[in-house]
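The values are calculated or read from the model by the stated rules, or taken from the named source; none is laboratory data. What you are looking at is a predicted structure, and each value in this text was computed from that prediction instead of being measured. For neighbour counting, all protein chains shown are included, and Cβ atoms are generated from backbone atoms with ideal geometry for every residue, glycine included.
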Amino acid sequence: MDQSTVRSSPRQTVPATTSQKVDSEEQYLTFALGGESYAIGILAIKEIIEYEPLTVVPMMPEHVRGVINLRGAVVPVIDLHVRFGRPCAAATSRTCIVIVETFAHGEKQDIGVVVDAVNAVISIPDAAIEAPPALGGRARSPFIRGLGKINERFVILLDLDQVLSEQEALELASLGTAAPDPVATSPARS
């Protein structure tokens, strides 16, 4: 019997469905930032650490808060509040640094992202993700991958590879490859 057709009667053939579209879903880490819910794909997350004082690096963009020493590696830390045009938020007992893996010019790079609070890991079906709207005739933010609808609320899905400009990514990459100065950076984490 021909695999491309299924006989439903001796006189009629119907094309067979060789593959059915299966709605897939991805897992995301949700977090709070300025009272809004955001999410990052879980595959980009390396770890979540408690907020610690940062070493400030001169001549960096305002949203680059500084660097931390993470087990001997220099990891730049960015403040999403400032990157999104908001004032810098004070750290609280719930403030965390999410260590994510981004790509700049084909190179992997670890970056810390300061968030107000980490919430949960959730699964969002592809069908529940909408394209971000273009508001007021302006193009959508390149930082936003989409809007995930969860229980009648939206979670803003971020595209972290787009959060930094190419030049900023190069500057941060050079920070990450610099030899850590044990005096200038925070104590190593284990």
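Odds and ends about this structure:
- Selection of segment 39-79 for residues being in contact (Cβ under 8 Å) with a residue 24 or more places away in the chain, surrounded by 12 or more Cβ atoms within 10 Å (Cβ to Cβ) and either more than 17 Å from E101 (Cα to Cα) or touching a His at 6+ places or on another chain (Cβ under 8 Å) (or both) yields Y51, E52, L54, T55, V57, M60, P61, R65, I78, D79.
- Of all residues in segment 99-128 being surrounded by 19 or more Cβ atoms within 10 Å (Cβ to Cβ), out of contact with any helix residue (DSSP H, G or I) (no Cβ under 9 Å at 6 or more places or on another chain) and of a type in the set (A, V, I, L, M, F, W, C), the one that is nearest to R71 (Cα to Cα): I99
- The criterion of being closer than 15 Å to A32 by Cα, touching a strand residue (DSSP E or B) at 6+ places or on another chain (Cβ under 8 Å) and of a type in the set (S, T, N, Q) holds for T95.
- All positions within segment 95-111 that are within 18 Å of L54 (Cα to Cα) and free of Cβ contacts under 8 Å to residues at least 60 places away in the same chain: T95, I97, I99
- Scanning segment 100-115 for residues that are under 15 Å from D161 (Cβ atoms), not small (G, A, S) and not in a loop (DSSP other than H, G, I, E, B) yields V100, E101, T102, F103, E107, K108, Q109, D110, I111, V113.
- Residue check, N119 in contact (Cβ under 8 Å) with a residue 40 or more places away in the chain, more than 21 Å from L157 (Cα to Cα), part of a strand (DSSP E or B) and not hydrophobic (A, V, I, L, M, F, W, C): no
Residue-by-condition table, conditions (1) touching an Asp or Glu at 6+ places or on another chain (Cβ under 8 Å); (2) within 30 Å of S24 (Cβ to Cβ); (3) modelled with pLDDT of 55 or more; (4) not aromatic (F, W, Y):
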{"residue": "V121", "(1), (2), (3), (4)": "no, yes, yes, yes"}
{"residue": "F143", "(1), (2), (3), (4)": "yes, yes, yes, no"}
{"residue": "N151", "(1), (2), (3), (4)": "no, yes, yes, yes"}
{"residue": "V155", "(1), (2), (3), (4)": "no, yes, yes, yes"}
{"residue": "Q162", "(1), (2), (3), (4)": "no, yes, yes, yes"}
{"residue": "S165", "(1), (2), (3), (4)": "no, no, no, yes"}
{"residue": "T185", "(1), (2), (3), (4)": "no, no, no, yes"}
